[in-house]
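Scroll down for the structure; my scribbles are underneath it.
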């Protein structure tokens, strides 16, 4: 079934568009899916000894994305990837997703199809499948809502709760590349020849959730708590600490700030550390573990990935989360995006 991509959705109609979605999703189903798109619900065969994980995230045009900044495929990828990262943060494996799209009737008909392609590509990359969803008309803006299931062995699930005083605070990878990518877009920088700019934009548009790394961490049974860094270290670490009933002390000179972020921040006269810790959308992992377990965790992760693990601080008694400079003095890093306070 084909149609002119320049035709608006009102000319295509819901049934023809949904049929196209079904064809795209049906080609990428996983063996666990017994029944995919087409019926009133999908059917997935669970396995004994595993817990079902469920998460959802919504993306709204002009709040989470702009269509003049990102391709529809990139928008779809990111909508799925942020959900995959949530499943990974629990030590789990993503399994099956449903996606709902609220679109204005004058939207070009190729846009929803390309968004679906991005959703399916991200799901397939990490062993999941798009098994259904919904398409509705809306006066705008464009809204994408993804709900994703996953699984984790009952005795391996990691939570934000569990960190203990004396634990090391560890992050995977480097922080700030996505924030640099957003900054590039906001400042209208268009230097396609720069590999740094290309990498920053890739980090922002098509993030890579740490599924393999998270599974290795969970299977090692060495971490006491874990979450993903979606809103930035400055906001997410206090959340982990609040759930665990502990405080934290972070040494800012140990935070692995991505060189791309440092270069971009220097170019616009901004603080790279603040950008890396408040920018968010890195989708790296933040975890706590006994100091004696750090080297074994590094070995477990390195067997599946080249992502570095960096100790940036320690869990402490109390409820205070403190960031310290190289001289041991407290510093303020600001906070990340708040959907309501920031608007």
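For segment 269-317, what class follows from the C-alpha gyration tensor (a ≥ b ≥ c being the square roots of its eigenvalues): rounded when a/c is under 1.5, otherwise prolate if a/b is larger than b/c, else oblate? Don't skip to the answer; put the middle values down first.
Working: a/c = 2.74, a/b = 1.50, b/c = 1.83.
The shape class here is oblate.
Which ordering of 175, 273 is given by a fewest-first count of other beta-carbon atoms within 10 Å? Write down the numbers at each step before the final one.
On the way: 175 29, 273 23.
Listing 175, 273 from fewest to most nearby Cβ atoms yields 273, 175.
Hey, with R₀ at 30 Å, roughly what FRET efficiency would residue 60 and residue 105 work out to, going by the Cβ-Cβ distance, to 0.05? Spell out each step's value before the answer.
Values: r = 18 Å, r/R0 = 0.60.
Computed FRET efficiency for residue 60 and residue 105 comes out at 0.95.
Shape of segment 119-242 from its Cα gyration tensor (a ≥ b ≥ c, root eigenvalues): rounded if a/c is under 1.5, otherwise prolate when a/b > b/c, or oblate?
Details: a/c = 1.91, a/b = 1.28, b/c = 1.49.
Taking the square roots of the gyration eigenvalues as a ≥ b ≥ c, segment 119-242 is oblate.
Tell me, what are the semi-axes, in whole angstrom and largest first, of the equivalent ellipsoid of the chain as set by the roots of 5 times the Cα gyration tensor eigenvalues?
In descending order, the three semi-axes are 35, 25, 16 Å.
Compute the helix-to-body angle for 14-26: its Cα long axis versus the longest principal axis of the chain, expressed 0 to 90° and rounded to tens.
50
Between residue 136 and residue 51, what length in nm is gained on full extension when 0.36 nm per residue of separation is reduced by their alpha carbon distance? Write down the numbers at each step before the final one.
Values: separation 85, 0.36 × 85 = 30.60 nm, distance 3.18 nm.
Gain on extension, residue 136 to residue 51, equals 27.4 nm.
Please state the relative contact order of segment 84-188 as a whole percent: Cα pairs under 8 Å, 6+ residues apart? If you can, show how the numbers build up before the last one.
Values: 122 pairs, mean separation 41.0, N = 105.
Computed over segment 84-188, the figure is 39 percent.
Helix 195-205 sits at what angle to the longest principal axis of the chain, using alpha carbons and giving 0 to 90 degrees rounded to 10?
70
Treating the angle as unsigned and between 0 and 90°, give the value, to the nearest 10°, between the Cα long axis of helix 233-244 and the longest Cα principal axis of the chain.
For helix 233-244, the angle is close to 80 degrees.
Hey, what did the chain get for relative contact order, percent, Cα under 8 Å, at least 6 apart? Walk me through the intermediate numbers first.
Working: 771 pairs, mean separation 71.0, N = 343.
Relative CO of the chain lands at 21 percent.
Cut-off is 10 Å between beta-carbons; in what order do 55, 172 appear when sorted fewest neighbours first?
Listing 55, 172 from fewest to most nearby Cβ atoms yields 55, 172.
Among 85, 194, 292, which comes first, then next, by fewest other beta-carbon atoms within 10 Å? Provide the component values of the computation, followed by the final result.
Working: 85 29, 194 15, 292 9.
By the 10 Å Cβ count, ascending, the order reads 292, 194, 85.
By how many nm would the segment from residue 332 to residue 299 lengthen if fully extended, with 0.36 nm per residue of separation less the alpha-carbon distance?
Details: separation 33, 0.36 × 33 = 11.88 nm, distance 3.35 nm.
Stretched out fully, the residue 332 to residue 299 stretch lengthens by 8.5 nm.
Counting only C-alpha contacts under 8 Å and six or more residues apart, can you give the relative contact order of segment 9-153 as a whole percent? Before the final figure, lay out each step's value.
Working: 288 pairs, mean separation 55.3, N = 145.
Worked out over segment 9-153, it gives 38 percent.
Along the Cα-to-Cβ line of residue 324, 7 Å from the Cα, sits a label point; which residues in segment 143-178 have backbone N less than 18 Å from it?
Label zone hits: 164-171.
Just for the chain, what percent of DSSP beta bridges are antiparallel, to the closest 5? Please list the in-between numbers first.
Numbers: 43 of 58 bridges.
Bridges in the chain that DSSP calls antiparallel: roughly 75 percent.
Could you tell me the center-to-center distance, by alpha carbons, between segment 160-189 and segment 77-97 in angstrom?
Here the answer is 17 Å between Cα centres.
Read the figures in this text as sums done on the coordinates, not as results from a lab. Computed from a predicted model, the values in this text were never measured in an experiment. Every residue, glycine as well, gets a Cβ built from its backbone with ideal geometry; the counts of neighbours run over all protein chains shown.
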